[in-house]
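*Asks:* Structure below; questions to follow.
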Amino acid sequence: MCSVRVRGTNRIPQLILSMRELGSYGIEVGIFGSDDSFYAMIAAVHEFGITIRKERGSIVIPERSFLRSTFDEKNDEWVKFMKKQIPKLLDGQMNARTICERLGAKMVGDIQKKLTQLDDPPNAPSTIAKKGSSNPLIDTGGLRMRVTYKVVSV
C-alpha cells in the first residue's frame, strides 16, 4: 500500500495577485524633469514640427517624429515582448515591476535607435554647414541620452 500526501497547491490566488500587480503599472517614455526642459522643448519641436516667424520670413523645422513613429512601428513587438514575460511572472521568476522595467528599457533603446537613424526630412544645407552633420536629430547627443522611462502606478 502506498500513501499519497497532498498539500495545498492552489496557486490561483497568487497568480491573480501577480496579474493585478502587472496591471497596476504603466510605463511612460520621454524626456522628463525640469533639468531637461530644454531637451523636452527640442524633442517637441522635432516631434511635431514648428514654424518660427521672423521679421524677414520664417524658419520651418519639419516634423521628425521619433517617439510616436517608434510607438507605431514597435507597439506589436512590445506587446509580444510582454506576452513572453508573463510565464516568468506566473512562475515567480520575475516580479511585475521588473517586467515593466525591462519593457521600459527596451522601449528607450528602440526610440534611441530610431532617433539616431532618422534622416528624413534631411537638414537644410545651411543647418548641415552650421552643425557639421546631416543627421537631423543628432548634434551633441544630448537629446538621445535624455530619452528615458518611468514605471508608474496607474
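The values are calculated or read from the model by the stated rules, or taken from the named source; none is laboratory data. From a predicted model like this one, the values you see are computed outputs, not experimental measurements. Backbone-built Cβ (ideal geometry, glycine too); neighbour counts: all protein chains shown. We work out accessible area using only protein heavy atoms, side chains counted, and drop any ligands, DNA or RNA first. Shrake-Rupley method; radii C 1.70, N 1.55, O 1.52, S 1.80 Å.
*Asks:* Looking at 28, 21, which is the one that is surrounded by 12 or more Cβ atoms within 10 Å (Cβ to Cβ) and over 18 Å from the mean Cα position of the chain (by Cα)? Lay out the reasoning, then the answer.
*Replies:* On the way: 28 fails: over 18 Å from the mean Cα position of the chain (by Cα).
One residue alone meets the criteria, 21.
*Asks:* Would you check which residues across region 95-139 are more than 21 Å from residue 48 (Cα to Cα) and not in a helix (DSSP H, G or I) and list them?
*Replies:* Result: 95, 132, 133.
*Asks:* Now for a separate question. Working only within region 140-149, note down all residues that are part of a loop (DSSP other than H, G, I, E, B) and at negative phi.
*Replies:* Step one: filter region 140-149 for residues part of a loop (DSSP other than H, G, I, E, B), giving 140-141, 147.
Within region 140-149, 140, 147 meet the criteria.
*Asks:* I've got another one for you. Only one residue in 68, 102, 53, 64 is at pLDDT 90 or above and over 17 Å from the mean Cα position of the chain (by Cα), so which one is that? If you could, list the steps in order and put the result at the bottom.
*Replies:* Values: 68 fails: over 17 Å from the mean Cα position of the chain (by Cα); 102 fails: over 17 Å from the mean Cα position of the chain (by Cα); 64 fails: over 17 Å from the mean Cα position of the chain (by Cα).
Just one listed residue meets the conditions, 53.
*Asks:* Go through (1) crowded, with 16+ Cβ neighbours inside 10 Å; (2) among the charged types (D, E, K, R); (3) over 30 Å from residue 153 (Cβ atoms) for residue 53 and report which single condition fails.
*Replies:* So the condition that residue 53 fails would be (1).
*Asks:* Read through the list (1) open to solvent by 50 Å² or more (accessible area, probe 1.4 Å); (2) touching a residue at least 60 places away in the same chain (Cβ under 8 Å); (3) more than 12 Å from the chain's Cα centre (by Cα), then give the number of the only condition that residue 146 fails.
*Replies:* The single condition residue 146 does not satisfy is (3).
*Asks:* Same structure, new question: Spot the failing condition for residue 119; the list is (1) closer than 13 Å to residue 64 by Cβ; (2) open to solvent by less than 80 Å² (accessible area, probe 1.4 Å); (3) modelled with pLDDT of 80 or more, and only one is missed.
*Replies:* Here residue 119 meets the rest and fails (2).
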